[in-house]
Structures are given as structure tokens and as C-alpha cells.
1. Determine if region 307-320 includes at least one residue that is within 16 Å of the ligand (Cβ to nearest atom) and either crowded, with 20+ Cβ neighbours inside 10 Å or not acidic (Asp, Glu) (or both).
2. Say whether the condition of being within 24 Å of the chain's Cα centre (by Cα) and in a strand (DSSP E or B) is met by at least one residue in region 109-121.
3. Restricting to region 262-292, name every residue that is over 19 Å from Ile338 (Cβ atoms) and either without any contact (Cβ under 8 Å) to a residue 24 or more places away in the chain or within 17 Å of the chain's Cα centre (by Cα) (or both).
4. What tally of residues in region 157-178 results from selecting those that are within 13 Å of the ligand (Cβ to nearest atom) and touching a residue at least 24 places away in the same chain (Cβ under 8 Å)?
5. Could you list, in sequence order, the residues of region 253-289 that are farther than 25 Å from Thr240 by Cβ, out of contact with any helix residue (DSSP H, G or I) (no Cβ under 8 Å at 6 or more places or on another chain) and either more than 16 Å from the ligand (Cβ to nearest atom) or not in a helix (DSSP H, G or I) (or both)?
6. Check every one of the strands (runs of 3 or more DSSP E) wholly within region 291-372 and list those with 2 or more residues that are closer than 22 Å to Gly167 by Cα.
7. Tell me the residue from Ala327, Ala344, Ala300 that is surrounded by fewer than 16 Cβ atoms within 10 Å (Cβ to Cβ) and within 16 Å of the ligand (Cβ to nearest atom), please.
8. Could you tell me whether region 34-57 includes any residue that is in a strand (DSSP E or B), surrounded by 11 or more Cβ atoms within 10 Å (Cβ to Cβ), among the polar types (S, T, N, Q) and free of Cβ contacts under 8 Å to residues at least 40 places away in the same chain?
Amino acid sequence: MSSEPSPWVEAHPDHVRIDWGQGVAGAFAALWLADNRAEDRHANGQRLIDVLDLPESVRIQTATVVDGMLHVTFAGTVAPLVRPLAWLRATLGPLTAARPELDRAAWLDGARRVAARDFAWRTYAAVRADAALRGVWLRRLARDGIAFLSEVPCVEGMIVEVGSLLGAVAHTNYGVLFDVRAEPVPENLAYTDWGLGLHTDNPYRDPVPGFQALHVLVASPEGGDSLFADGLALAAHLRTIDAASFACLTRTPVPFHYRSAAADLCSEKPLIALDVAGDVRAVHYNNRSIAPLRLQGEAAQDFYRAYRAFARLLREPRFQLRLRLQAGELVVFDNRRILHGRTAFASQHHPRHLQGCYLTRDSVLSNAALLP
Ligand SMILES: [Fe+2]
């Protein structure tokens, strides 16, 4: 039996300092404490007060610890706060410490990787039957950006059933699902038997599709290999070897456009998007759908130099995971991160047929966080 020593608590008029030792300490501001009373939350967890319901200046009178609970009284009419010390300590870490979407492991060495060995790879029956196993699979999908299922029945429409198990299937102008096979009049170059360079899907959409799922119904015995690379790792690599190009791609808005009889979609995004901390949040790369750039003279030259530097990385086989998916295999990948492509195949001899769908980003990550 061991009990944790009580932390050191100090009340100041404008904050409470709590020191747990070993470098773990917090300075909890008076207004922050007044805004975080348990009583001001509904049973469903939602806050019942607005910030203007509190006075602009909140002053602390006392702060004491009783049985692991911090009791704080305030001057004036602000009601006291009672919170477990452990609860306060948990708020010191980043909000997202336990979020699956932030536990990301970038991989640059695609060519060295074996999909069935190095990524989550399970049978559909196992993932469907066991919620805990599905949770582990989804968290690996969130971490690596890509995961695989095998023994998915080769039945048309199965992709929607599998997609609905993993998250929420998005309905787009391509439908709830789309057929990836050579068509006589392709409304998208994906619907040919041509090779496709690495890309992310639908950057002309806002938001872009969160995750993409592709189910192989008929594999091609020759050609039609799938290619994947981790845009996170590639962007980080570009940052290391060519910081100027990286910076240019993060600050240049690129117009993406798609138009068909059923849809006219346009969105402007940088090829490499950063979050507020300056880390790579997303990669948007699709040469097929870049509209004429609104760049003049030197700005255009700078952009093309950077664009070409990134494109060269995307063509390097050493960064690419390459495999020929077999009938009944299904891949899911993070479309804000993982670039995908394929090698050409001969559709007149081999009628390769995949069905795909998009899953909303938040639904997949929610399941990854929620499942045991
Ligand atoms: Fe695609």
C-alpha cells in the first residue's frame, strides 16, 4: 500500500499554486477556477454559465485540501469551488494527450514496410465481432494513418457496411460509394486504367474527405499495384532538406476545382497546412484538380520551385509502400495525411474493380477514442 504525498497548496489573491513535486506544478488563475465549478455543469457535462456570468475580477480568499479535494472560496458572490486534486492535475497536460488523432507515428520508409506486418491488418470478421479489437485497430489507423482488413466478402456494396462499422459514411457527388474501374467516359481520371501518381482525394472539397476506404472486388493479376506514402513524414522531410520550399508550400493558397454535371466544387488550401503550433496538420496534393494558380511573376516561380521539390519526393520509390491488394482486402487511410496512387493496368484483359467510400474524420476518431 502506498499513498501519494499531499501536494503543496498556496493561495494567492489571483491564483492557487499547487505543486505535486517532481516538476509537476500548476498556477490555477482565479477566474479559471471560478469558471470550472462542477456545479456549473449539467449532468451531461455541458457548461451552464457563460463567461460574462462571472465578475471580471475574481479574488481568491482561501484554498485548502480535505481528503484529496481542493476547496477554494472567493471574495464577493462567487460560489466556492470543490474539485479533486487529481482532476486539477489532469488539466495540466495538453487537452489532447489522450486523443487518438494526436498519437501519430510518421513513417518515411514506405518501401521497407510490409503492410501485413507493419500496419494494423485484421480479418473483417474479427474486427466486426470484437469491439475492443476494433478499438485497437482504429487507434492504429489513427496513429499510422493507414490500416487493412482482409476476408471482406466480395459483394458489391459491402464497402458501405464496413465503412458504417468504422465511422459515418459521407455522401458526396460521387454517391455513398464509388466504383473504381475503367469506364468508357470517365468523369474522373481514377475511372480509367491509367496509373495515378500519389495524391490526396478531393482537395476541392471543404472539409476534404476524412478517411477513404477502398475494397477490392476484382484484383488485377498484373499491374494495378497500390501505392501509399505518409504525407506527414514527407512534409517533415522537405522541411529538413529544403526549408524555403516547405515554408512556401505552407503559405501559398492553391485553388482546387472540380466540375461535373452534378457538382461544382472549389476550395483554396496550401499544399502543406500547419496547425497553430506550426506542426503539419494536413497535406493536400492533387495535380489533377489544381486550378490555374493566382500567382504572378516571381511568386509563381517561387511556388513552382517548391511544388517541384515536393513532387520529386513523392516520386521516390523508397518512400512508397507498394502492394497489390487482393480480392477481399480493404484499405482505410487518412486522406489528410496519406497520399495514395496506383500503377497502370490493362483493363481490356483484367477488369480490376474496387469500391470505395469516404468516412467523416470526426466519426472515425470518435470511435477510436470511445471503443475500449
Ligand atoms: Fe484517389
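1. Initially, region 307-320 is screened for residues within 16 Å of the ligand (Cβ to nearest atom), giving 314, 320.
From what is left, the residues that are either crowded, with 20+ Cβ neighbours inside 10 Å or not acidic (Asp, Glu) (or both) are 314, 320.
Yes, because at least one residue in region 307-320 is within 16 Å of the ligand (Cβ to nearest atom) and either crowded, with 20+ Cβ neighbours inside 10 Å or not acidic (Asp, Glu) (or both).
2. Yes, some residue in region 109-121 is within 24 Å of the chain's Cα centre (by Cα) and in a strand (DSSP E or B).
3. Scanning region 262-292 gives Asp264, Glu268, Val276, Ala277, Gly278.
4. Adding up the residues that qualify gives 2.
5. Pro255, Arg259, Ser260, Ala261, Ala262, Ala263, Asp264, Leu265, Cys266, Ser267, Glu268
6. Working: elements: 321-323, 330-334, 338-342, 353-359.
Per the criteria, 330-334, 338-342, 353-359.
7. Details: Ala327 fails: within 16 Å of the ligand (Cβ to nearest atom); Ala300 fails: within 16 Å of the ligand (Cβ to nearest atom).
That would be Ala344, the only listed residue that is surrounded by fewer than 16 Cβ atoms within 10 Å (Cβ to Cβ) and within 16 Å of the ligand (Cβ to nearest atom).
8. Within region 34-57 (the criterion being in a strand (DSSP E or B), surrounded by 11 or more Cβ atoms within 10 Å (Cβ to Cβ), among the polar types (S, T, N, Q) and free of Cβ contacts under 8 Å to residues at least 40 places away in the same chain), the answer is no, since none of the residues qualifies.
The values are calculated or read from the model by the stated rules, or taken from the named source; none is laboratory data. In this text the structure is predicted, and so the values were computed from the model without any measurement. Because the Cβ atoms are built from the backbone with ideal geometry, glycine has one as well, and the counts that use them run over all protein chains shown.
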